[in-house]
Structure formats: C-alpha cells, structure tokens
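Okay, so here's the structure we're looking at.
The values are calculated or read from the model by the stated rules, or taken from the named source; none is laboratory data. In this text, all values refer to a predicted model and were calculated from it rather than measured experimentally. We place every Cβ from the backbone using ideal geometry, glycine too, and count neighbours over all the protein chains shown. We work out accessible area using only protein heavy atoms, side chains counted, and drop any ligands, DNA or RNA first. Shrake-Rupley method; radii C 1.70, N 1.55, O 1.52, S 1.80 Å.
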Amino acid sequence: MKNPYATDFSHTNLCLRPNLQTEQEWGINMDKKIEMAIDDLTLIKRVIERTRQDFSRISAYFIGIGILHLVAWLSEEIAYMILNLFGYGHPAARVFWWSGRVLLLSGYVFLFVYYYQKVKKTGNDICEGMVKIWMIVLVGIRILGWLYIRLLPSGNDDKITVLWRCQELIEVLPVLFALFMTGILTKRTVITVLTALYSIFYFVLFVSMKEVPYGTWGGVGTRISASRVCIQYLMSLGMIMLGIYLWRRREGRLKETDRG
C-alpha cells in the first residue's frame, strides 16, 4: 500500500541528472579556450623574441658613429690641406682641427641620448646595454686620450716616441672590446670573427711601426703610423658596415623566428 506521506523524488533526480549534450558542449568550449590561450602565449613569445632580436633601431646608431668619424676625418684632411697651402700656424687649420674633435664628442652624446630613449621604449635590454657600452667606450677613450697626452713628458728621445705611439692603443683596445661584446650580445658570429681578424691585422701593423703619408691634399703632408690609419677606417667605414649588417640581418632573423 502506498504511503500517503511518502515523498516522490523521482522527478527531482531527473532534474539533477546532468545533460550529456550540455557536458559535451562545455568540454568543446573549454578545449577551444585552451587552444586560444596557447595560441596567445605563442604569439606573445614570438613578439618578445622578435623584440629581443630586432637590432634595427641601433643599426642607425652605428651608422651615425661612422658618419661622425668620416666628417671628423674630412675636417682633419682639410686642416692639413690648409697647412700645406698656407703654411703652419694658419688659424683656419686650427679651427678645422678642433672642430672635428668637438664634433665627435658632442655627436657621441647626442647619439647616445637619442637612441637610448628609443631603445628604452622598446624594452630591449640587449640594445639598451649595447648603447650604454658604446657610450662609455667612445667618450672614455676621448677623455683618457686627452689625459694621456697631458701627462706625457716633453722630449724627442726614443722612449717619448714610443709613448706617443702607444697613445693610439687607448683608442683602439676599448673599441675592440666593445665590438667583441656586440658580437656576443647579438649572437652574430660574423662580427666576432671579423673583430678577431681585424685585431690580428692591427697589431701586426702596430708592431711593424710602418708609416704612410697622411694629409697630402695640396702638398706633402706628414707621415703617421699605418695602424692609426687602420683605426680611422675601422671607426668610419667599419661602423657604417656594422650598422648596415645589423639592419640587413633583421629580416632574416625574424623569418627564422616565424618558422620556429
């Protein structure tokens, strides 16, 4: 006999029983969301990798350094030309001589401030570090070179001559260090290998003490060490080629990142 006070829970169990189709739809939606999240993470990773490997912003920085040295080199050649044409002691020659040096120092500061602000916005720590390294090296060699000359004793004996020649080592050794660091930080083996080859070639010239004519526009000019001329080529044409190389390698590196 049916209990009149008994409660029938059969319809409640039917309501609480989960719908199989709803569970399947929920599972499909979750799978899609997980796939979208993975795609988003992959995209973020690629963007970060692209930013870290994009050295196009500082490629113009190196080109700017090379152009500065070309202009300073031209200014020095004009100074020698004036000396050849109008004799030593002409004031115009002194103006061109010092203008090149002032241009280099002020140009270093301008390039650092401008490009450091640009790379700071991108959040690229590698580019930011390289700009700092080159700023310290370029300004430091100018200051140390000036102090070295001021501290040199006067005279014409062999020891003083050797000390004068060693002054160029203050300029080239930090630059070689910065070039090696650039090759390591950018993971460009070509830069590291070429810097090593240049270092060997430079020190061969330095030890040989070979001299070449210099400042011959409009006259005889003077003679300086071949190693010093080699430094001028490095700081002008070498820096421009370095900037162009970093710029051209940008597209190839980004394609490799996309394939990855």
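For segment 150-180, name all the residues that are aliphatic (A, V, I, L, M), more than 15 Å from residue 206 (Cα to Cα) and open to solvent by 70 Å² or more (accessible area, probe 1.4 Å).
To start, the set of residues in segment 150-180 that are aliphatic (A, V, I, L, M) comprises 151-152, 160, 162-163, 169-170, 172-173, 175-176, 178-179.
From what's left, more than 15 Å from residue 206 (Cα to Cα): 151-152, 160, 175, 178-179.
Within segment 150-180, 151 is the sole residue that qualifies.
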* Asked: Among all residue pairs at least 6 apart or on different chains, which show Cβ distances below 6 Å where the first residue, located in segment 97-108, is farther than 9 Å from residue 75 by Cα and the second is assigned to a helix (DSSP H, G or I)?
  -> 103/72; 104/68; 104/72; 105/142; 107/68; 108/138; 108/139
* Could you list, in sequence order, all residues of segment 214-235 that are part of a helix (DSSP H, G or I), touching a Phe, Trp or Tyr at 6+ places or on another chain (Cβ under 6 Å) and either touching a residue at least 40 places away in the same chain (Cβ under 8 Å) or polar (S, T, N, Q) (or both)? => 227, 232
* Asked: Which residue pairs have Cβ atoms under 9 Å apart, sit 6 or more places apart or on different chains, and have a first residue in segment 143-167 that is in a helix (DSSP H, G or I) and a second that is hydroxyl-bearing (Ser, Thr, Tyr)?
  -> 160/154; 163/148; 165/225; 165/227; 166/148; 167/148
* Please enumerate the residues belonging to segment 99-110 that are open to solvent by 30 Å² or more (accessible area, probe 1.4 Å) and closer than 18 Å to residue 214 by Cβ. => 101
* Only residues in segment 186-213 that are assigned to a helix (DSSP H, G or I) count as the first member; pair them with residues that are among the hydrophobic types (A, V, I, L, M, F, W, C), Cβ under 6 angstrom, at least 6 apart or cross-chain, and list the lot. => 186/55; 195/179; 195/180; 199/176; 202/230; 205/226; 205/230
* To do: Tell me which of these residue 55 doesn't satisfy, since it passes every other one: (1) open to solvent by 30 Å² or more (accessible area, probe 1.4 Å); (2) touching a residue at least 24 places away in the same chain (Cβ under 8 Å).
  => (1)
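Run down 122, 189 and say which single residue is at pLDDT below 85 and surrounded by fewer than 16 Cβ atoms within 10 Å (Cβ to Cβ).
Selected residue: 122, the only one of 122, 189 that is at pLDDT below 85 and surrounded by fewer than 16 Cβ atoms within 10 Å (Cβ to Cβ).
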